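The values are calculated or read from the model by the stated rules, or taken from the named source; none is laboratory data. Because the structure is a prediction, the values reported are computed rather than measured. Cβ placement follows ideal geometry from the backbone for every residue including glycine, while neighbour counts extend to all protein chains displayed.
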Amino acid sequence: MSEKFTVDKIVIASIILLLLGLPLLGFSQYVMRIVILMGIYTILALGLNILVGYTGLVSLGHAGFFAIGAYGTAYFMIQHSVGFIVALTIGTLLSGFMGFVLGLPTIRLSGTYLSIVTLGFAMIVQVVIMNWDSVTNGTLGMSQIPKPNILGYDLNLANHGIYYLMLFLLGLVTLGCYTIIHSKIGRTLRAIKSDELATTMMGIHIDRYKILAFVLSASITGLAGGFYATLSSYIDHNSFGFDLSILILCMVILGGMGTIRGMYLGAALLIIFPEIARPLMSWRFVVYGFVLIIMMHFRPQGVLGWRSRRKYPIPGEVKKSYRMVEVEE
Amino acid sequence: MNLLRAENISLSFGGLTAVNDFNFYINEGQVVSIIGPNGAGKTTLFNILTGIYKVNQGKIYMNEEPIDGLHARKIVSKGIARTFQNIRLFSDMRVIENVLVGAHINTDYSFFDGLFRTKRFYEVENKKKQEGAKLLESLGLEGRLSDYADNLSYGEQRKLEIARAMATGAKLLLLDEPAAGMNHQESEDLRVFISNLKNLGYTILLIEHDMRVVMNVSDYIYVMDYGKKIAEGRPHEIQSNEAVAMAYLGDSEVHL
Ligand SMILES: Nc1ncnc2c1ncn2[C@@H]1O[C@H](COP(=O)(O)OP(=O)(O)OP(=O)(O)O)[C@@H](O)[C@H]1O
Ligand SMILES: [Mg+2]
């Protein structure tokens, strides 16, 4: 068991080193852009995972939160000349707030109904984007979104600044997800997924936790959106369609719902796939669908969705004197 | 003063009166059992007491405070916790995690303590984990602490449900057929365990079909049939009650 523990640590340390040193390997800007996209999608998957993977609420509308984060950030950078960090924070909070607004009335809905409402939400967001010209520039989209500038440094592809910004955000979100999931909050979310009634009978206000999951999930997705806006410098309503929501969901399921490692793998696989299989591009949703069916049948927990076999750490020694019943076996 | 008291409670599902003008009370430190044939309304009574169903009529008092109409969640904080006849563990979570979810309402740190891993987070988490481990040990589950709940045997799962209910901090435990699915040794252990709970200051309301357990641990027994109370008394009184034997087993020749 302790062997496995060190193996885990070595794997994680190697990945971190590789990611930090990646720009030294001299890849083209084209490749680096794809790597950055992988990072964005990993953040998106981590965000959706909180809802789908841990809490068991299936959202088909996360493109909507992604759009709100992107447009919010872009709007404040362009129209109000606000700095990147502040604009990104506003975009993130805005998206989180929309998560609250959407979560509040829908939290009692279960299963399919919730999915349909979230689907409708994303559609409404798209329609608003197309029609709210004064803010979103309508169907023309927003262009010339400035690259992030932090403490006077322009971060772009050429100087790898934007890559390291992605790594920073990804690291932040990963750590945040980890600490939340490994606290009473995460335990409660998982309990809700497992059995809502039993969770209520532990005295837990489950609606509150479901809304919290919505807000967290939407905030993380909005953060990814804001970063995406500055990376691509142009956004329009087409970037935030139904297929995006489905793509994120596929990543979560493929990688392994309710795991952090799985989000990295799911995002990497589904971003690389269209790049190496260009001819299959127009068929990609057929392929995704096929992959999902195969997965659901043979490995419903996802590629990396295994249960930990490590001993659960209990701090300190547990004394043997508390047994009330002697069990003979 | 009664710890818990139900006065003339009734509940119907459509035309079926599952609980019919039922009265009972339980005093602190007692073990009181509710027995009766299948479909008598015992589980429905538990569902009423724990706020899952609202009564059509009647009042329920916990420490002389009315609790009928309270949300199920609030009833736990009044000190009542339960187990389920059809086991409802968090099956995809570990044994200790099940107990920690049970301890949630007295796990006292905030979202931000968890997010930023404050000192308080570690203090409270460590304390709760140790308490949880001790609780599991008291039920003989210490070897199963890291296992996932759905890998436990039936009997172990029932014990875990009791541990999870105890972790809420409630002193009144409602156990719905805890011995179901247990082998002879396990139900014997359970009997000892319930007696010990009593010594630790717990009060137990028990639904159970296993008469060895019921007759041995109960201070008082209520017998239910078709939602009505048909008898009550001490174990030896119930054992010698003809009406009970008739209703319960449909045969007055069978000895309880
Ligand atoms: N939610 C419900 N809707 C309709 N009828 C119900 C509901 N819950 C219970 N009943 C009915 O109420 C009656 C009492 O059921 P209950 O589960 O309380 O019996 P029980 O005494 O616990 O039986 P058992 O010993 O089999 O567990 C049964 O006839 C049952 O079918
Ligand atoms: Mg029952």
For A:Val82, state whether it is exposed (fewer than 14 other Cβ atoms within 10 Å of the Cβ), farther than 30 Å from A:Ile276 by Cα and over 17 Å from the mean Cα position of the chain (by Cα). no
Taking the conditions exactly as written (within 14 Å of chain B (Cβ to nearest Cβ) and in contact (Cβ under 8 Å) with a residue 24 or more places away in the chain), does A:Ile180 satisfy them or not? yes
Suppose the filter is in contact with a strand residue (DSSP E or B) (Cβ under 8 Å, 6 or more places away or on another chain), within 24 Å of B:Lys128 (Cα to Cα) and facing chain A (nearest Cβ under 8 Å); does B:Arg73 pass it? no
Of all residues making up the stretch B:161-180, the number that are within 16 Å of ligand 1 (Cβ to nearest atom) and of a type in the set (Ser, Thr, Tyr): 0
Can you pull out every residue in the stretch B:1-29 that is in contact with a helix residue (DSSP H, G or I) (Cβ under 8 Å, 6 or more places away or on another chain) and more than 9 Å from ligand 1 (Cβ to nearest atom)? B:Leu4, B:Ala6, B:Ile9, B:Phe22, B:Gly29
Give the residues of the stretch A:129-175 that are of a type in the set (A, V, I, L, M, F, W, C), assigned to a helix (DSSP H, G or I) and under 24 Å from the mean Cα position of the chain (by Cα), sorted by residue number. A:Ile129, A:Ile162, A:Leu165, A:Met166, A:Leu167, A:Phe168, A:Leu169, A:Leu170, A:Leu172, A:Val173, A:Leu175
Of all residues making up the stretch B:193-239, the number that are within 14 Å of ligand 1 (Cβ to nearest atom), hydroxyl-bearing (Ser, Thr, Tyr) and surrounded by 22 or more Cβ atoms within 10 Å (Cβ to Cβ): 1
So, in the stretch A:267-315, of the ones that are within 14 Å of chain B (Cβ to nearest Cβ) and touching a residue at least 12 places away in the same chain (Cβ under 8 Å), which residue ends up surrounded by the most Cβ atoms within 10 Å (Cβ to Cβ)? A:Gly302
Mind listing whichever residues of the stretch A:104-128 are assigned to a helix (DSSP H, G or I), at pLDDT below 85 and surrounded by 14 or more Cβ atoms within 10 Å (Cβ to Cβ)? A:Thr106
Tell me, please, whether a residue that is within 16 Å of ligand 1 (Cβ to nearest atom), hydroxyl-bearing (Ser, Thr, Tyr) and facing chain A (nearest Cβ under 10 Å) can be found in the stretch B:81-96. yes
In the stretch B:21-35, residues that are surrounded by 19 or more Cβ atoms within 10 Å (Cβ to Cβ) and under 16 Å from B:Asn47 (Cα atoms) total 5
Going by the structure shown, is B:Ile34 in the same structural domain as B:Ser195 (by TED's automatic domain parsing), without any contact (Cβ under 8 Å) to a residue 24 or more places away in the chain and of a type in the set (Val, Ile, Thr)? no
Quick test for you: out of B:Tyr109, B:Tyr25, pick the one residue that is of a type in the set (Phe, Trp, Tyr), more than 16 Å from ligand 2 (Cβ to nearest atom) and under 25 Å from B:Val244 (Cα atoms). B:Tyr25
Test set (1) within 16 Å of ligand 1 (Cβ to nearest atom); (2) within 21 Å of B:Pro178 (Cα to Cα) - B:Asn56 fails condition number: (2)
Take the conditions surrounded by 23 or more Cβ atoms within 10 Å (Cβ to Cβ), of a type in the set (Val, Ile, Thr), within 13 Å of the chain's Cα centre (by Cα) and away from ligand 2 (no atom under 16 Å from the Cβ) and apply them to B:Ile96. Does it pass? no
Give just the number: which of (1) more than 16 Å from ligand 2 (Cβ to nearest atom); (2) surrounded by 14 or more Cβ atoms within 10 Å (Cβ to Cβ) does B:Ala18 not satisfy? (1)
So how many residues does the stretch B:28-57 have that are away from chain A (no Cβ under 14 Å) and either within 16 Å of ligand 2 (Cβ to nearest atom) or closer than 14 Å to B:Val223 by Cβ (or both)? 13
Looking at the stretch B:30-45, which of its residues are within 8 Å of ligand 1 (Cβ to nearest atom) and of a type in the set (A, V, I, L, M, F, W, C)? B:Ala40, B:Leu45
